[in-house]
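Beneath this line is the structure, given in structure tokens, with notes to follow.
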Amino acid sequence: MIFFTLLFSCTTDTNQAQENKYSAPVQPNQKPPHPQHGSNRKHTNKPPPKGGFLPSTTPAEDLTSSWSANFSKVTVNIIDSSNCPDQDQDGFVSATVCPFSPVNTLDCDDNDPNITPKNEIWIPPGPFIMGSKSSHAGSDEDPVHIVTLSGYCLDRTEVSAKDWFSWLKQSNRKPQGSDLRNTKNNQYDPTRANYPAEGVTWQEASDYCASVGKTLPTEAQWEKAARGGCELGSNPKACDTKDLRPYPWGNEEPTCARANHQLSTQGMPKICVSDTLKVDSLPAGAGPYGHLHLAGNVWEFVLDAWHPNTYQKNRPNDPSGPVKGDIHVLRGGGWNTFSTNMRAANRFHDLVMGSATGFRCARSSENTFDTVAPLEMVSIQGTITGSPTIKGRAIYVTAFDAADADPNGMLAPGRSPVAEIRLTPNGQKTQPFLLSVPKDSSYILSAALDAGTGAQKDEYISASGSGGFGQAQQNPISAPKNQTGITIQLMSAPPMPKP
């Protein structure tokens, strides 16, 4: 949901619109009241972010509440190495032999002179603090916990459009993504060679990484690269409060110089660039080990299947999420995503459509699946009523977890929607919908009609509720089984202010 829906929601008591994880050419979004009895989700009482309730305003994340004194008992086993070989004579020494040497001196493949820290960066073994319970965090980011990883390497940049389209051609594959970018007349545009691949599917990303002898990073590997390990804090031999870095670059709030996104730290949202930026840009936003664009530009697929209850206090070393699942985790935020989604702990997934999706690859050892029950899905179906009819470019029905709201149903910015569908308006007074959501949780449902008249910037068109917006009359909706008879009444949109 974007500019319009935010403004529209402020004019009613019942429609408290919120930022969501994306706000690109296609999306609306909001957030929920407390869950009803029977929800199996983790619930926390998070105060709303300080700085007012303009839905788009999100100051820097404060992770004070995420610290536990038990974390300081976790130590880092730093190995001192004096004999560091450089087998390929490229000027960089073996990362596996000397894992705690400065990362800009380490070689992820000491037998290949083409592999250097300019394209792959080593992350040393050891613990890091994963998750968040701040006022910005969604219910699936808690509990905050310690994860220990083996050493691994991660691509310094997102995979480029040039490399992506070259792989497609060499593999004789046709792109499968529904929102493929970097094209002109339905063909690869060579002027976009150094921009990130955008609009890819999880399977395509996984297959690409396998073709170059790598894998997608696990969710834990991605977050450690963005947040940093416990060896980087005040005490390099133990976890401390300095290891709770909210953003790849540190503690300061997002800016357009640090992350290509939709700036929303104060006032109305302001999109930095109506597009992606080149993969090797914005050095001011580099992560603690030197990776670029871990916040903003494109959402990045990771290896893990998404599950709302993956996080546990005693996870295995090198965790890789549930054994199986068809919903895949996305990390990092995109060029059309609000500031709160630039957080290192922020989780998202591809059950919600319309995100600018890309990826980078990792070089690592074996991982261990988390012990979490399989995610079961149920359906919520009902009817949307127009005001007066349902006409426009698209209508979106979105579900948020009711655990992500305060007792009054007020929603802090940035929470992830759990699921969403896009429907083609039928031009009638009413239109049916059916939405799949995880079983045994409680949800807030909303619908927004994109009439094609939202705010515009360059080629960016907001998918606002310019044709109307409404919430389900039955909110919050408990879903221990399939639910029917849900009704959403769209309210007419007030005139959209000029951008």
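Only one of the numbered conditions (1) crowded, with 16+ Cβ neighbours inside 10 Å; (2) assigned to a loop (DSSP other than H, G, I, E, B); (3) within 23 Å of the chain's Cα centre (by Cα); (4) not acidic (Asp, Glu) is not met by Ile121, and that is (2). Among the residues of the stretch 92-113, the ones that are free of Cβ contacts under 8 Å to residues at least 24 places away in the same chain, over 24 Å from Asp243 (Cβ atoms) and surrounded by fewer than 18 Cβ atoms within 10 Å (Cβ to Cβ) come to 1 in all. When restricted to residues that are outside any helix (DSSP H, G or I) and either closer than 20 Å to His293 by Cα or touching a Leu at 6+ places or on another chain (Cβ under 6 Å) (or both), the stretch 195-213 contains 7.
The residue pairs whose first member lies in the stretch 473-494 and is in the same structural domain as Leu445 (by TED's automatic domain parsing), whose second member is among the basic types (Lys, Arg) and surrounded by fewer than 17 Cβ atoms within 10 Å (Cβ to Cβ), and whose beta carbons are closer than 7 Å, counting only pairs six or more residues apart or on different chains, are Ala479/Lys439; Pro480/Lys439. Within the stretch 193-218, residues that are more than 17 Å from Asp350 (Cα to Cα) have Cβ atoms under 8 Å from residues that are surrounded by fewer than 22 Cβ atoms within 10 Å (Cβ to Cβ) and aliphatic (A, V, I, L, M) in these pairs: Tyr195/Leu277, counting only partners at least 6 apart in sequence or on another chain. Is there a residue being part of a loop (DSSP other than H, G, I, E, B), touching a Gly at 6+ places or on another chain (Cβ under 7 Å) and closer than 16 Å to Trp335 by Cα anywhere in the stretch 220-241? No, that holds for no residue.
Yes/no matrix, rows are residues, columns are (1) of a type outside the set (Ser, Thr, Tyr); (2) modelled with pLDDT of 95 or more:
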| residue | (1), (2) |
| --- | --- |
| Ala356 | yes, no |
| Ser365 | no, no |
| Thr383 | no, yes |
| Ala394 | yes, no |
| Asp404 | yes, no |
| Met410 | yes, no |
| Ala419 | yes, no |
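Within the stretch 261-274, being part of a loop (DSSP other than H, G, I, E, B) and surrounded by 19 or more Cβ atoms within 10 Å (Cβ to Cβ) holds for His261, Ser264, Thr265, Pro269, Cys272.
Every listed requirement among (1) touching a Phe, Trp or Tyr at 6+ places or on another chain (Cβ under 8 Å); (2) farther than 29 Å from Lys278 by Cα is met by Asn314 save one, (1). Would you confirm, using the coordinates I've provided, whether Gln203 is surrounded by fewer than 18 Cβ atoms within 10 Å (Cβ to Cβ) and farther than 29 Å from Thr310 by Cα? No; evaluated as a whole, the condition is false for this residue.
The set of residues in the stretch 168-200 that are surrounded by 18 or more Cβ atoms within 10 Å (Cβ to Cβ) and within 30 Å of Pro319 (Cβ to Cβ) comprises Pro196, Ala197, Glu198, Gly199, Val200. When the stretch 143-156 is filtered for residues that are buried (at least 21 other Cβ atoms within 10 Å of the Cβ) and in a loop (DSSP other than H, G, I, E, B), the ones remaining, listed by number, are Val144, Arg156. When restricted to residues that are surrounded by fewer than 24 Cβ atoms within 10 Å (Cβ to Cβ) and of a type outside the set (Ser, Thr, Tyr), the stretch 235-248 contains 7.
When Ser65, Ser81 are screened for being surrounded by fewer than 17 Cβ atoms within 10 Å (Cβ to Cβ) and over 28 Å from the mean Cα position of the chain (by Cα), only Ser81 passes.
The values are calculated or read from the model by the stated rules, or taken from the named source; none is laboratory data. Because the structure is a prediction, the values reported are computed rather than measured. Heads up, the Cβs are rebuilt from the backbone with ideal geometry, glycines too, and the neighbour counts pull from every protein chain shown.
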